Amino acid sequence: MGVFIKLVENRPPQEYADPSAVDVTFDDVTKGASQVTYEYDVLPSGALRILRVAKGEAPVVDTTYAPGLWFRVTGQWSGTWE
């Protein structure tokens with residue numbers, strides 16, 4: 001399934017000139033024995049963490065978005081609020 005994030009659009013235009021830059025997708029990979037899925041959780045501060053989960057391994061933080069940078073996320077929620 002992966003994780004899809006919609007980012008806030010009021011950022012400096014020179015950094016985000018491409019309108020598609022407000023959408024970020026982390027796609028799951030399932031090729032042969034290599035299976036990687038992406039999940040997310042939200043910290044009490046409002047920071048969004050994207051977790052990379054490889055088959056048989058513990059989740060690893062892949063990316064973190066500040067509370068004011070994102071406003072919508074869909075995908076597999078990792079579980080608890082910390």
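The values are calculated or read from the model by the stated rules, or taken from the named source; none is laboratory data. Not measured: the values here are computed from a predicted model. Only protein heavy atoms, including side chains, enter the accessible area calculation; ligands, DNA and RNA are left aside. Shrake-Rupley method; radii C 1.70, N 1.55, O 1.52, S 1.80 Å.
Please give the contour-minus-distance gain from Lys55 to Ser34: 0.36 nm per residue of separation, less the Cα-Cα distance, rounded to one decimal in nm.
6.8 nm
What does the accessible area of Arg52 come to, in Å² to the nearest 10, when a probe of 1.4 Å is used?
Accessible area, nearest 10 Å²: 100 Å².
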